[in-house]
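Everything on this sheet refers to the single structure shown next.
The values are calculated or read from the model by the stated rules, or taken from the named source; none is laboratory data. Keep in mind that this is a model prediction, so the values were computed, not measured. Heads up, the Cβs are rebuilt from the backbone with ideal geometry, glycines too, and the neighbour counts pull from every protein chain shown.
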Amino acid sequence: MDFPRLRRFVHGVLVCLTTLGALFVISGCSSSASASNDVAPKWEAWIRAVLSDNPSELEYRVLSDFDVTDVEFREAQNALAMCLQEKGVAIDFHPEGGSTTKSIETGRTELSFDAMFGAYNTCVVGTTEHIEVLFYGLRDNPQGVGAAEARRDCFMRYGVKDGSDLLSLSAFEEYISQPEFIPTSDEGKMCMIDPHGLLGLSARDAALQWDSSVMTYGEEE
């Protein structure tokens, strides 16, 4: 994760999760595949929505058992990389998730950012678009706890008062999504960055990363 853009990333994730959640609830589609009892309802609904909406051969093969293995995820990444290569774009995958793209250096004119972005948006469909989210979701958040709920639980666990006492989850989500929101403690910053505790950050380390991102963000503006 690129912490210099952390605040923008955090708020973007909250909006994205809310939109995707609404999309899959509305779809209400069913699939002939059977989910294991230990798959959280959130992930089961997501997978069923993908399988019922004209999935690619790769998506169907990977998701039909309601799981994504390491090997299957690498296969999806390879499929994305091959598609991008054909369009003159190289991609580097980050170990913690996400990726960086760049134009392949050839004799032709270097691709513009818009051209690379367009190529990525084309190639991600049917390859990693859903498989990547589900791979990390099933591995790191098997209970399917939403971002806002995870952050509020973390706030309460560490005694952070920043909106955790609001009666509704939606009110809390709206509160922490405000652009001017800044946690008042190191623990609060840790919960915003790593609510599931997957990064193994101390509260102090998380605070340093948060504060550094805010300073850099201000300089960019």
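Determine, yes or no, whether Ser112 is over 20 Å from the mean Cα position of the chain (by Cα) and at pLDDT 95 or above. Quick ask: steps written out before the conclusion?
On the way: over 20 Å from the mean Cα position of the chain (by Cα): yes; at pLDDT 95 or above: no.
Here the answer is no, as Ser112 does not meet what is asked.
To keep it simple, each residue is scored yes or no on (1) under 30 Å from Ser212 (Cβ atoms); (2) touching a Gly at 6+ places or on another chain (Cβ under 9 Å); (3) touching a residue at least 60 places away in the same chain (Cβ under 8 Å).
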site	(1), (2), (3)
Met82	no, no, no
Ala90	yes, no, no
Ser103	yes, yes, no
Cys154	yes, yes, no
Gly163	yes, no, no
Ile182	yes, yes, no
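Considering only the stretch 45-61, how many residues are out of contact with any Phe, Trp or Tyr (no Cβ under 8 Å at 6 or more places or on another chain) and farther than 14 Å from Gly137 by Cβ? Spell out the reasoning first.
So the first thing to find is which residues in the stretch 45-61 are out of contact with any Phe, Trp or Tyr (no Cβ under 8 Å at 6 or more places or on another chain), and the list is 48, 50, 52-61.
So of that shortlist, the ones also farther than 14 Å from Gly137 by Cβ come out as 48, 52-61.
Final tally of qualifying residues: 11.
If I go through the stretch 145-195 residue by residue, how many of them are of a type in the set (Phe, Trp, Tyr), surrounded by 21 or more Cβ atoms within 10 Å (Cβ to Cβ) and part of a loop (DSSP other than H, G, I, E, B)? Reasoning before the result, please.
Quick first cut of the stretch 145-195, residues of a type in the set (Phe, Trp, Tyr) only: 155, 158, 172, 175, 181.
Imposing the further condition that a residue be surrounded by 21 or more Cβ atoms within 10 Å (Cβ to Cβ) reduces the set to 155.
Filter once more, so that each one left must be part of a loop (DSSP other than H, G, I, E, B): none.
Residues that pass the stated criteria total 0.
Would you confirm whether or not the stretch 120-128 contains a residue that is among the β-branched types (Val, Ile, Thr), over 18 Å from the mean Cα position of the chain (by Cα) and at negative phi? Working first, answer last.
Let us first name the residues in the stretch 120-128 that are among the β-branched types (Val, Ile, Thr), namely 122, 124-125, 127-128.
When the remaining residues are screened for being over 18 Å from the mean Cα position of the chain (by Cα), the result is 122.
Applying the additional criterion that residues be at negative phi yields 122.
Yes, there is a match, as at least one residue in the stretch 120-128 is among the β-branched types (Val, Ile, Thr), over 18 Å from the mean Cα position of the chain (by Cα) and at negative phi.
In the stretch 121-132, which residues are in a helix (DSSP H, G or I) and buried (at least 18 other Cβ atoms within 10 Å of the Cβ)? Step through it out loud before you land on a result.
First pass over the stretch 121-132, keeping only residues in a helix (DSSP H, G or I): 121-123, 131-132.
Answer for the stretch 121-132, where residues must be in a helix (DSSP H, G or I) and buried (at least 18 other Cβ atoms within 10 Å of the Cβ): Cys123, Ile131, Glu132.
Looking at Leu20, Leu6, Leu84, which is the one that is buried (at least 18 other Cβ atoms within 10 Å of the Cβ) and modelled with pLDDT under 60?
On the way: Leu20 fails: buried (at least 18 other Cβ atoms within 10 Å of the Cβ); Leu84 fails: modelled with pLDDT under 60.
Every option except Leu6 fails the conditions.
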